[in-house]
1. Determine which single condition Ile8 fails, assuming it passes every other condition in (1) open to solvent by 80 Å² or more (accessible area, probe 1.4 Å); (2) part of a helix (DSSP H, G or I); (3) at pLDDT 95 or above.
2. Say we look at the range 165-213 and pick out the residues that are in contact with a Pro (Cβ under 7 Å, 6 or more places away or on another chain) and modelled with pLDDT of 95 or more; which of these is surrounded by the most Cβ atoms within 10 Å (Cβ to Cβ)?
3. Look at the range 91-120 and say how many of its residues are over 20 Å from Ser199 (Cβ atoms), modelled with pLDDT of 95 or more and open to solvent by less than 30 Å² (accessible area, probe 1.4 Å).
4. Looking only at the range 216-226, decide whether some residue is outside any strand (DSSP E or B) and farther than 23 Å from Trp37 by Cβ.
5. For the range 97-116, check the following and say yes or no: at least one residue is of a type outside the set (A, V, I, L, M, F, W, C) and in contact with a Gly (Cβ under 8 Å, 6 or more places away or on another chain).
6. Condition first: in a loop (DSSP other than H, G, I, E, B), in contact with a Leu (Cβ under 8 Å, 6 or more places away or on another chain), touching a residue at least 24 places away in the same chain (Cβ under 8 Å) and not hydroxyl-bearing (Ser, Thr, Tyr). Can you find one or more residues in the range 195-202 that meet it?
7. Against the condition over 17 Å from Phe187 (Cβ atoms), at pLDDT 95 or above and not hydrophobic (A, V, I, L, M, F, W, C), how does Asn154 come out, does it pass?
8. Can you tell me which residues in the range 136-164 are crowded, with 16+ Cβ neighbours inside 10 Å and assigned to a loop (DSSP other than H, G, I, E, B)?
Amino acid sequence: MKIISAIILWFLLPVAHKNANSTEVLQSMYSRYHGNWHKSLTFNQTTERYRNDSLIKTSTWYETIVYPDLLRIDFDTPNSSSGVVFRHDSTYSFRNKKIVRATGDENELIFFLGGMYSMTFEKVLGHFVELNYDLSKFHTSTWKGKPVYVLGANKDGDEGNQLWIDQEGLFAVRFIKYDGGTKEEGFFEQQVPLNNAWSETKCSFYINDKLLQVETYHNLIPDAPVDMRMFDPGSMNR
């Protein structure tokens with residue numbers, strides 16, 4: 001009975017209708033996953049780097065996410081002496097267990113791939129505006145043969161920051177970002193269920209329509225215990 005009740009509850013949760021707008025879609029996403037999305041996620045990934053559409057390097061990264069806005073990447077081995085930490089609105093690169101670069105850059109992918117469900121809905125809407133998504137713009141389309149909601153654009157081909165949302169699963173499958181003269185684009189594919197939520201297991205990233213990086217995730221573990229000291233810029237060694 002508990003399983004049947006959970007299934008019924010799932011389908012009773014608010015879902016945006018075909019004449020929805022960006023805010024209503026975000027509200028549907030939030031209503032479904034707030035309190036249900038995992039609080040942390042650990043995995044390793046195969047990282048392929050490309051230049052002029054040709055593979056130039058393959059490596060393994062070990063990643064730990066704590067939502068809404070913490071991510072640590074260790075290069076090549078777990079507990080590595082080299083990697084990067086994304087912490088709130090800042091990025092810290094470290095080598096030989098020492099910070100070699102610190103910038104005021106946020107990893108916004110953490111936000112709309114799970115972090116938004118650890119915030120209040122008001123903060124979610126405000127942060128999309130801060131990231132230059134025009135939520136007054138909206139349309140429906142298809143992506144890889146499936147219906148999607150498109151937040152931030154009135155029609156396919158429009159320029160402007162936009163997030164493409166699978167209509168059934170209510171998870172992100174594509175983003176497009178314009179920054180100066182640069183177009184960034186990412187595809188999120190091969191989603192797998194994790195408890196009451198999801199995770200993409202393949203991501204592809206493009207710069208000005210040229211393939212830059214492909215990531216394939218392995219050994220995903222939601223809600224594993226995390227030593228929060230790993231995100232402390234003053235102590236990069238776990």
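1. (3)
2. Gln167
3. Residues flagged as over 20 Å from Ser199 (Cβ atoms), modelled with pLDDT of 95 or more and open to solvent by less than 30 Å² (accessible area, probe 1.4 Å) within the range 91-120 amount to 1.
4. Going residue by residue through the range 216-226, those that are outside any strand (DSSP E or B) are 223-226.
Checking the rest, the ones that are also farther than 23 Å from Trp37 by Cβ come to none.
No: the range 216-226 contains no residue that is outside any strand (DSSP E or B) and farther than 23 Å from Trp37 by Cβ.
5. First pass over the range 97-116, keeping only residues of a type outside the set (A, V, I, L, M, F, W, C): 97-98, 101, 103-108, 114-115.
When the remaining residues are screened for being in contact with a Gly (Cβ under 8 Å, 6 or more places away or on another chain), the result is none.
No, the range 97-116 contains no residue that is of a type outside the set (A, V, I, L, M, F, W, C) and in contact with a Gly (Cβ under 8 Å, 6 or more places away or on another chain).
6. In the first step, residues of the range 195-202 are kept if they are in a loop (DSSP other than H, G, I, E, B); the result is 195-196, 200-201.
Among the residues that remain, those that are also in contact with a Leu (Cβ under 8 Å, 6 or more places away or on another chain) are: 200-201.
Remaining after also requiring touching a residue at least 24 places away in the same chain (Cβ under 8 Å): 200.
Now narrow it down to the ones that are not hydroxyl-bearing (Ser, Thr, Tyr): 200.
Within the range 195-202, one or more residues are in a loop (DSSP other than H, G, I, E, B), in contact with a Leu (Cβ under 8 Å, 6 or more places away or on another chain), touching a residue at least 24 places away in the same chain (Cβ under 8 Å) and not hydroxyl-bearing (Ser, Thr, Tyr).
7. yes
8. Within the range 136-164, Lys137, Gly152, Ala153, Asn161 meet the criteria.
The values are calculated or read from the model by the stated rules, or taken from the named source; none is laboratory data. Everything numeric in this text was worked out from a predicted model, so none of it was measured. Cβ sites come from the backbone with ideal geometry, for glycine too, and all protein chains shown count toward neighbours. SASA here: full protein model, heavy atoms, side chains in, ligands and nucleic acids out. Shrake-Rupley method; radii C 1.70, N 1.55, O 1.52, S 1.80 Å.
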